[in-house]
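Each reported figure results from applying straightforward, stated rules to the coordinates on display, with no laboratory input. Please read these numbers as outputs of a predicted model, since none were measured by experiment. Glycine also receives a Cβ, built like all others from the backbone with ideal geometry; neighbour counts cover every protein chain displayed.
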Amino acid sequence: MKLRFRKPALALTLVGALALAACDDDPIVPEEEHGDAAAVQLVMNGAVIATFTFDDSNAWVGGELEVEVGEETPHIDVNFLDEDGDVIDWDLSEFYLEVEVDDETIAEFEQDTPGEFGGHLHGEAVGETNVTFSLMHGAIGTGHADLVTTGIHAHVEAPTP
């Protein structure tokens, strides 16, 4: 039995296969960037604690996070700022905040609502650790990071007698 291929059918099959293979993984087109923040500010009780800038320095300026063992800070708002210094109002169905504490035996960061842009630092044990903030895109727990700060220093002190 001899198989015959018709040129139009073969061409259509090849074009279709190439189109399907190229749908989401086009190495020539860069992935869409979602995060356009220029800085992150940590605000507690209306006062700016520290500011991180996404520039050549990629560093925190200002203070550090402080809490006593067995205590928690007042609510800390994590504000992402645009280039004009205005707070960006993220679409909460697409973006969320993820917070990572290097050593959770020293301190933990608790968000009142998963993914909210803020929360409380809890003192677990005397010591020092770093806290990193990430702007995540996608569903909570499965998204990808668009922006990530370096760690800000967190200091947990013994309770005041």
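Here are the numbers for the structure shown:
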{"item": "q = 0.17, 0.19 Å⁻¹: log10 I(q)/I(0) that the Debye formula gives for segment 36-76, counting C-alpha atoms only", "result": "-0.52, -0.62"}
{"item": "Gain in span if fully extended, T150 to N45, counting 0.36 nm per residue against the direct Cα distance", "result": "35.5 nm"}
{"item": "Pair I88, D36: separation of 7 Å Cα→Cβ label points (nm)", "result": "0.9 nm"}
{"item": "For segment 34-157: rounded, prolate or oblate by the Cα gyration tensor [a/c cutoff 1.5]", "result": "prolate"}
{"item": "Rounded to whole Hz, the Karplus (6.51, -1.76, 1.60) HN-Hα couplings of segment 90-105, x for glycine and proline", "result": "6, 6, 5, 7, 10, 10, 8, 9, 10, 10, 10, 9, 4, 10, 6, 6"}
{"item": "Virtual paramagnetic centre 7 Å along Cα→Cβ of V126, amide N under 14 Å, in segment 139-161", "result": "156-161"}
